[in-house]
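Right, one structure below, let's go through it.
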Amino acid sequence: MRSGAAEFLAARDLLLRLRDDYASASAHFAWPRLREFNWATDYFDPLAASIEREAVRVVTDGSEDQSLTYRGLSRRSSQVANYLRACGVRAGDRVLLMLGNGIPLWEMILALMKLRAIMIPATTLLQREDLRDRLERGAVSAIVAEGECAARFEGLSGAPIRVAVGARAPGWLEYDESCHAPLEWTPLPCAADDPLLLYFTSGTTAQPKLVTHTHASYPVGHLSTMYWIGLRPGDVHLNLSSPGWAKHAWSSVFAPFNAESTVVAYRYERFDAGRLLEALAAARVTTFCAPPTVWRMLIQHDLSGRRGALRELVSAGEPLNPEVIEQVRKSWGLIVRDGYGQTETSAVAGNSPGQPLKAGSMGRPLPGYRLVLLDVAGKPAEEGEICIPLAARPTGLMQGYLGDAERNDEAMDSGHYHTGDVAVRDPDGYLTYVGRMDDIFKSSDYRISPFELESVLIEHAAVAEAAVVPSPDVTRLAVPKAYIVLAPGHSADAETALSIFAHTRARVSPYKRVRRIEFAPLPKTISGKIRRVDLRAVENPRSGGEHHPGEFWEEDFPALSSPPPS
């Protein structure tokens, strides 16, 4: 075993051993300092030779579809690496990877790592203009895509090597031909800081950034994610995240494989919460991760008696509202543990297993991470922007934004990586999310956290999802307005609006209560995150004195003219 792998395993084993001892894990864990490391050949292949266990299982609506053992995935990825090399893919080439949740995705990820090619993951939902941007800004040399997506690339320049998986595509190489390639692979020298992944961010507030991760920053960096999830060897882990986004690499590749777990990929044509619950039970899933949107849909169903083999529940992508956590606890006796991180990092903070939870908190810094909160003057504070000191740079932090010196300078200003997210810290070190710096706004000179109000809103039975933005107001400059998606069985009428107004009025201070409501779909990124920037753009042109069609104002209801309950 190479020395890099030995150091990696020592760090991993410490976290597995101290899984329920946050204080000891935080005190004793140190990132392995690796000069040369290729996770696929130095860690995965030797592991695969020593265990008989499923690595990946793909299920469709609760029935098993495909599976591959660790040993099978190791051998098959070597075969695919040989095939790609014969196609002309070389170390350092940038390969756009546009595959769905099927076995070829995991074969290709490991194969490209072995080749030392640079992956640019992409969701199969991308259309021509997004693809054009990725091909151009990513300087793509090769494309590996589902055959049914090949037509979207027609006429787009670049990427002379094109491989179709599944359906055949005119002019494209066929992935099925890889089964004729040699099975033996000779490892290539690989520096730990060589680039491995280029991620286009989800673009909630601006043009997507191109994040660079290395052969260490994600494969090794996700030891923190493994710890947060609470994975153990032999676990069966289902992460509901689409390929192409960083969270898929977090929880469907590196964290579970670091823990020697089995990854379950759930395929569906149209999401159905009831069928997901059936799939969790049929696959005997022990650890489950889903974004807040999915958790909010799950609690619309009767969860009682449907816990199955589940032991650990986590949520990431956006903060999870306390009301959702409480409803799951009542049904399953399990706590959905929130966590925090970005495409630019591995899991940075979280509620780790066995630790006391505080309602609404996203937990404490995970082993290997030091976090500080900085105010607008750049001084340490108990409420401020979440920042990572670069003097103790964690392995899980990105290498940088590719070809964007200005954004790099902004992000790495004054000796810190700046996340752009604001949190408040309590005396026990627990962090509570306040909002994106771009989303927090003032009303009558009071700071308003959209997330805080959204958490109150979804406690109402009629509210499935909500997004709060500032709406221009003649007197207060701006007031909180809620765009709301209704739960099934509720009508977008004045009666519902009045009920929601009364609900928030009884639960928040007068200066920050919601004063306008509009029932409407929420604009989202392809990855499912709410684009509040689009809602703000709708509100900004207003003078502040006129109603939108279908909008309800607090002033419209005489019943609300009396003071709210104290």
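The values are calculated or read from the model by the stated rules, or taken from the named source; none is laboratory data. Everything numeric in this text was worked out from a predicted model, so none of it was measured. Quick reminder, even Gly has a Cβ in these numbers, built from the backbone with ideal geometry, and neighbours come from all protein chains shown. Ligands, DNA and RNA are excluded from the accessible area calculation, which covers all protein heavy atoms including side chains. Shrake-Rupley method; radii C 1.70, N 1.55, O 1.52, S 1.80 Å.
With the contact rule set at Cα under 8 Å and sequence spacing of 6 or more, what percent relative contact order holds for the stretch 1-78? Show your work: numbers first, answer last.
On the way: 68 pairs, mean separation 19.5, N = 78.
So the answer I get is 25 percent.
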Amide H contacts under 5 Å for residue 337, restricted to residues at least 5 apart in sequence or on another chain and with H modeled in the peptide plane, are 313, 314, 315
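How much of the accessible area of the chain, in percent, comes from carbon and sulfur atoms when a 1.4 Å probe is used?
Values: 11190 of 22400 Å².
Reported share for carbon and sulfur atoms: 50 percent.
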On a full-extension model of 0.36 nm per residue, what is the gain between residue 326 and residue 461, subtracting their alpha-carbon distance, rounded to one decimal in nm? 47.2 nm
Where a Cα-Cα gap under 29 Å defines reach, which lysines qualify for residue 330, not counting those fewer than 8 residues away within the same chain? 247, 358, 529
Geometric extent, Cα atoms of the stretch 77-134 - Rg, Dmax (angstrom): 11.7, 33
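Run the numbers for residue 35 and residue 334: contour at 0.36 nm per residue of separation, minus the present Cα-Cα distance, in nm. Show your work: numbers first, answer last.
Numbers: separation 299, 0.36 × 299 = 107.64 nm, distance 4.09 nm.
This chain segment gains 103.5 nm when fully extended.
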For a distance above 35 Å, tell me the whole-number percent of Cα pairs in the chain that qualify. 38 percent
Residues with amide H under 5 Å of residue 524's amide H, sequence separation 5 or more or different chain, H placed in the peptide plane at 1.01 Å from N; which? 531
Output the relative contact order of the chain, whole-number percent, from Cα pairs under 8 angstrom with separation of 6+ residues. 11 percent
If you keep only loop residues by DSSP, which GluC sites (Glu not before Pro) in the stretch 366-426 have at most 14 other Cβ atoms within 10 Å of their Cβ? 382
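Please get the size of the charge dipole for the chain, origin at its Cα centre, with Cβ charges of +1 on Lys and Arg and -1 on Asp and Glu, quoted in debye to the nearest 20. Each step should come with its number before you reach the end.
Details: 61 positive and 69 negative charges, 169 e Å.
Approximately 800 debye in magnitude.
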Would you tell me the accessible area of residue 75, worked out with a 1.4 angstrom probe on the heavy atoms of the protein chains, in Å² to the nearest 10? 110 Å²
222 nm mean residue ellipticity, helices alone, for the chain (DSSP H n ≥ 4; -39,500 (n - 2.57); rounded to 500): -7000 deg cm²/dmol
Per-residue HN-Hα couplings for the stretch 417-432, Karplus 6.51 cos²θ - 1.76 cosθ + 1.60 at θ = phi - 60°, whole Hz, x for Gly and Pro? 8, 9, 7, x, 10, 10, 9, 10, 10, 8, x, 8, x, 6, 9, 10
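In the stretch 245-322, which GluC sites (Glu not before Pro) are in a loop and have at most 13 other Cβ atoms within 10 Å, using DSSP for the loop call?
Qualifying residues, ordered by number: 269.
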Which whole-angstrom value gives the distance between the alpha carbon centres of the stretch 199-278 and the stretch 64-94? 20 Å
Scalar couplings 3J(HN,Hα) for the stretch 380-396 by Karplus 6.51 cos²θ - 1.76 cosθ + 1.60 (θ = phi - 60°), nearest whole Hz, x for Gly and Pro, are x, 8, 8, 9, x, 6, 6, 10, 10, x, 7, 5, 10, 4, x, 4, x
Which of the lysines could a cross-linker bridge to residue 379, judged by Cα under 22 Å and excluding same-chain residues fewer than eight apart? 442
Separation of the stretch 373-426 and the stretch 341-360 by C-alpha centroid, Å? 17 Å
Mind giving me the nanometre distance, one decimal, between the label points for residue 66 and residue 154, set 7 Å out from Cα along Cα→Cβ? 2.6 nm
Within 13 Å, Cβ to Cβ, of residue 308, how many net charges do the neighbouring residues add up to if Lys/Arg are +1 and Asp/Glu are -1? +2
Only loop residues by DSSP count here, and only those with at most 11 other Cβ atoms within 10 Å; note down the GluC sites (Glu not before Pro) in the stretch 136-244 that meet that. 154, 184
Table column - 3J(HN,Hα) (Hz), the stretch 305-312, Karplus curve with 6.51, -1.76, 1.60, x for Gly and Pro: x, 10, 6, x, 9, 4, 10, 10
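Can you give the relative contact order of the stretch 212-317 as a percent, counting alpha carbon pairs under 8 Å and 6+ residues apart?
On the way: 145 pairs, mean separation 31.1, N = 106.
In percent, rounded to a whole number, it is 29.
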Relative to the longest principal Cα axis of the chain, at what angle does helix 322-332 sit, 0 to 90 degrees, rounded to 10? 60 degrees
How far apart, in nm, are the 7 Å Cα→Cβ label points at residue 191 and residue 268? 4.5 nm
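Can you work out the accessible area per residue across the chain, with the rest of the protein chains kept in place, probe 1.4 Å, in square angstrom?
Details: 22400 Å² over 566 residues.
Value returned for the chain: 40 Å² of accessible area per residue.
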